[in-house]
Structure formats: C-alpha cells, structure tokens
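Quick notes on the structure that follows.
Nothing in this text is a laboratory measurement; each read-out follows from the coordinates by a stated rule. Note that the structure is predicted; figures quoted are calculated from it, not measured.
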Amino acid sequence: MKNFVVFDLDGTLIDTLTGLTEAVNETLKELNLPYSYKRDEVMTFIGRGAKRLFNLATKNENNPAEFALFLKNYEKNQYISEPYEHVLETLKELGKRNISLIIYSNKPNNILNKLVENKLNKIKFLHVQGQDNNYPPKPDVTLLKSILNKFNLKPEDGLYVGDSIVDIDTARNINMKVAILSYGYGNKEEIKANKPDYYLDDFKEILEIL
C-alpha cells in the first residue's frame, strides 16, 4: 500500500496543450517570427521546462525579454485548460484514503500554482512544486528529494504518475515505482520501450494499483 503519490501536471492531470499552443503562437506573432505551430507540434516540445519549450519553438536561444513575453502569454492562455476525465473524482478518492498528493512539474512554479488553484482548488495537495531556477528541471530529483525529506516520506512508499519518458527517468532517479498515462504527451513507442511499472489508459486505474 502506497501512502503518497507524486504527479506530473501537463498531460497527466490537466490537458494544457491547447493553452500552450496559443501561448507559443501568440508570442511568435508578437515577435514577428515566421513560425506557427499546431497542437501536435507543440506537444513534442513539452517535458523539460518552459525555456527549452520556447527555444525549440523559436529555433533559437532567447533573450530575457522574449522569454518574459512568452511567460506572460503562457499564464494568460493556460486557463482554457481543463483536467482530464476522472482526475477530480480520483484525486478526491485518494484523499479519502489518506494518501498524500504532491505535484512535481517542470512548469514555472508561479504559473503552476495559479493553474492548480484555478482548476484543482477542491483537492488538498500536500505540496505543489514547479520549476525552481535554483534547481535543475526533471528528470533531476534534487528538489524532489528535498520535498520528500521535508515531509518524512520515503520513495519506496510512494508512486510517481506521469505521461512521458522524462517522468519515467525522474521516478527511476529517485527509486520510485512509476505509472504512465497513455493519453498524455509522451512518445508512446519510447515509453513502452522503457517499460514503466504501470501503463494506464484511464486516470481512475490508479485506484487499482495503490
């Protein structure tokens, strides 16, 4: 029996791809850059932080002002995003079972917390953590180790839930079992080749493995 779960957010709890696509294209237009992306194209940029995502979209390293503009549009457009099917009821059920809930994401921390407050405000999370510039992004687990230590949680007592190879690597870097959701943004062939402990088609299946 696991007593806590660590969740990724984008492609796992909330479908943020439409908002991200809007943010990318709006920023590129404002910067007079000749690119415009579809959802499936932006999906391939997701996973290792907002700065890398924007660099891939612009095909360039960006100056602080350009990246700041992207973050402004990122936050503005994210509220069109919604939780995936069965997420809210499953999280509520986990809470009833006294399973602690943590979010550990590469989304910028300020933007992440605002989105969680807006879309998941009925759920009690033990901790919500986005990208902190003082730490490397996932799959590095330095910050995650600090969070678990703060709450006296042992990796072997938890489950990591995500949607990508980055999440598999993150879980393995901290020696946690990992469940990957097939509906997310990760490359399906790459995920299957790396053999996560669980590969789920529906979020509510988490209840069956805890």
Filter on Lys72/Lys145; Lys59/Lys107; Lys51/Lys76; Lys59/Lys119; Lys76/Lys150; Lys51/Lys114 - keep pairs with C-alpha separation over 24 Å
Lys72/Lys145; Lys59/Lys119; Lys76/Lys150
Residues meeting the amide H criterion for Gln129 (H placed from the backbone, H to H distance under 5 Å, 5 or more places apart or on another chain) are Ile103, Tyr104, Ser105
If you split all Cα-Cα distances of the chain into 10 Å bins from zero, what percentages do you get per bin, shortest first?
8, 36, 37, 15, 3, 0
Using alpha-carbon coordinates, inclination of helix 109-119 to the longest axis of the chain, degrees:
70 degrees
Which value in deg cm²/dmol, rounded to the nearest 500, describes the helix-derived mean residue ellipticity at 222 nm for the chain, given -39,500 (n - 2.57) per DSSP H run of n ≥ 4 and division by the residue count?
-12500 deg cm²/dmol
For the range 17-80, what ratio Rg/Rh do Cα atoms give with a Kirkwood hydrodynamic radius?
0.90
May I ask you to evaluate 6.51 cos²θ - 1.76 cosθ + 1.60, the Karplus curve with θ = phi - 60°, for each residue of the range 136-142 and list the ³J(HN,Hα) values in order in whole Hz, giving x for glycine and proline?
x, x, 4, x, 4, 10, 4
Relative contact order for the range 17-80: what percent, with Cα pairs under 8 Å and sequence separation of 6 or more?
46 percent
